Amino acid sequence: MTGRNEPWDADSPYYFVALAVAGAVSGAVVPKHLWAHYVGAVLGQAAYELAFLKLGPLFILGLVFLAGYSVIFVVSAAIVASFRKAGTASTDSSA
């Protein structure tokens, strides 16, 4: 989509915004088990690389980048999950 082999090599913030939006959606849908969100983000991106990209000698380095950039995903999920939990708690206490 960006014309680059690795998403973090793009000149635009597309990859970072996509990670944040996907994390926000994930955190809104399932606000628990944030470790599972992180593992899912890393494994999903790694599976995509294995299935669709040409593997080279820097594949392991790419996995390290995926692990690092997936923090954006899980932080976004955590923020939205905390808002959802706070909203649920306030409606429970008012009932």
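The values are calculated or read from the model by the stated rules, or taken from the named source; none is laboratory data. What you are looking at is a predicted structure, and each value in this text was computed from that prediction instead of being measured. Note that we place each Cβ from the backbone using ideal geometry, even for glycine, and neighbour counts take in every protein chain shown.
Side notes on the structure shown:
- Matching residues, the stretch 15-64, being in contact with a helix residue (DSSP H, G or I) (Cβ under 8 Å, 6 or more places away or on another chain) and either on the phi > 0 side of the Ramachandran plot or of a type in the set (Lys, Arg) (or both): Lys32
- The selection criterion, being exposed (fewer than 14 other Cβ atoms within 10 Å of the Cβ), in a loop (DSSP other than H, G, I, E, B) and either out of contact with any Ser or Thr (no Cβ under 8 Å at 6 or more places or on another chain) or of a type outside the set (S, T, N, Q) (or both), holds for Gly56.
- Criterion: in a helix (DSSP H, G or I) and more than 19 Å from Val17 (Cα to Cα) - qualifying residue of Ser82, Ser76: Ser82
- When the stretch 1-20 is filtered for residues that are in a helix (DSSP H, G or I) and at pLDDT below 90, the ones remaining, listed by number, are Pro7, Trp8, Asp9, Tyr14, Tyr15.
- All of Gly23, Gly68, Gly27, Gly62 fail the test of being at pLDDT below 90, part of a helix (DSSP H, G or I) and either more than 17 Å from the chain's Cα centre (by Cα) or surrounded by 11 or more Cβ atoms within 10 Å (Cβ to Cβ) (or both), apart from Gly62.
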